[in-house]
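The values are calculated or read from the model by the stated rules, or taken from the named source; none is laboratory data. What you see is a predicted model; the values in this text were computed from it and never measured. Ideal geometry is used to build each Cβ from the backbone, glycine not excepted, and the neighbour counts take in all protein chains shown.
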Amino acid sequence: MDDFDRQWPLGKSTTYVSEYDPDLLCPVPRQLKRTEIGLTDALPFTGFDIWNAYELSWLDPGGKPIVALGEFQFPCNSPNLVESKSLKLYLNSLNLTRFNDLDSVQGLIRKDLSVVAETEVDVRLFLPGDFSALTFGQLPGRCIDSTPVINPVYELDPTLLSDAADPSQIVAEDLYSHLLKSNCLVTSQPDWASVLIRYHGPKISDEALLRYLISFRQHNEFHEQCVERIYCDVQKFCRPEQLTVYARYTRRGGLDINPFRSNFEEQVANVRLARQ
């Protein structure tokens, strides 16, 4: 990954550009990390990554600033994801750029993100009059965080799931935890998340699942890659017939990233959690 490290602005001193520059966007091939977890053929899931942008502004034709919130959905089958700091720099490059209307900004961001991802990216912008409709919510199901875990490990260990499933009990459950923490692949800065595991199949031990999630605590990987790793590990060791993994990461630099992967669901609500 050294060739890509040299291109990424993440972890480097940066001059902020305040006029439109799409060349700031930096693609990261998804396959770089998928090969590592054995995803070399058809993906075992569908899904997308929801990015929420809270620091978004531009100028109207007369030069008055406009502020907005943005929601960007990147399909998980896109060849590339976008490096997060590069997206922040790109959005900042709109700050002193004049646009005729909201549709012009929305269309331009959609075009630029789609070029970098190499597939169509869904972009929606919300003006302040729409903010009141964007309320907080919570993940569905049962929180497993009160489950006792003695001497947890903080180095990623998927074998913690090796005896987690009980084939004598077939259940449908929504389980979630607020204890997922990993580190940025490049800077090692902490990434915090709540994660939902929705499945139908052999009952998964709360203690084993929580112990496994805690083991990400020192692991360095991007948000999207962590969620795909969780999906593949749960599928490999617990063998559910249906599986969804959905993580809500706290924001950094005005952006939060929320990867969703499933083999039976096509959509998920973009519900902001209290920590976001």
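Before moving on, here are some points about what is shown:
- Every test in (1) under 16 Å from the mean Cα position of the chain (by Cα); (2) under 16 Å from residue 244 (Cα atoms); (3) touching a residue at least 40 places away in the same chain (Cβ under 8 Å) is passed by residue 189 save one, and that test is (2).
- Against the conditions (1) in contact with a Phe, Trp or Tyr (Cβ under 8 Å, 6 or more places away or on another chain); (2) free of Cβ contacts under 8 Å to residues at least 40 places away in the same chain; (3) of a type in the set (A, V, I, L, M, F, W, C), residue 179 satisfies every one except (1).
- Unmet criterion (only one of (1) surrounded by fewer than 14 Cβ atoms within 10 Å (Cβ to Cβ); (2) modelled with pLDDT of 95 or more; (3) not assigned by TED's automatic domain parsing to the domain that holds residue 55) for residue 188: (2)
- Boolean, residue 181 is within 16 Å of residue 154 (Cα to Cα), surrounded by fewer than 20 Cβ atoms within 10 Å (Cβ to Cβ) and either of a type outside the set (Phe, Trp, Tyr) or in contact with a Ser or Thr (Cβ under 6 Å, 6 or more places away or on another chain) (or both): yes
- Note on the range 18-36: residues that are crowded, with 16+ Cβ neighbours inside 10 Å and either under 23 Å from residue 241 (Cβ atoms) or out of contact with any Pro (no Cβ under 9 Å at 6 or more places or on another chain) (or both) total 5.
- Residue that is surrounded by the most Cβ atoms within 10 Å (Cβ to Cβ), among those in the range 85-108 that are closer than 30 Å to residue 35 by Cα and at pLDDT 95 or above: 87
- Scanning the range 195-230 for residues that are in contact with a Phe, Trp or Tyr (Cβ under 6 Å, 6 or more places away or on another chain) and either among the hydroxyl-bearing types (Ser, Thr, Tyr) or within 19 Å of residue 47 (Cβ to Cβ) (or both) returns 196, 223.
- Residue 149 being out of contact with any His (no Cβ under 6 Å at 6 or more places or on another chain), under 20 Å from residue 259 (Cα atoms) and part of a loop (DSSP other than H, G, I, E, B): no
- Residue check, residue 114 of a type outside the set (Phe, Trp, Tyr), surrounded by 15 or more Cβ atoms within 10 Å (Cβ to Cβ) and without any contact (Cβ under 8 Å) to a residue 40 or more places away in the chain: yes
- Test: residue in the range 44-54 that is out of contact with any Gly (no Cβ under 6 Å at 6 or more places or on another chain) and either outside the structural domain of residue 73 (by TED's automatic domain parsing) or not in a strand (DSSP E or B) (or both): yes
- Residues in the range 117-137 that are at pLDDT 95 or above, surrounded by 13 or more Cβ atoms within 10 Å (Cβ to Cβ) and either not in a loop (DSSP other than H, G, I, E, B) or not β-branched (Val, Ile, Thr) (or both): 117, 120, 122, 123, 124, 125, 126.
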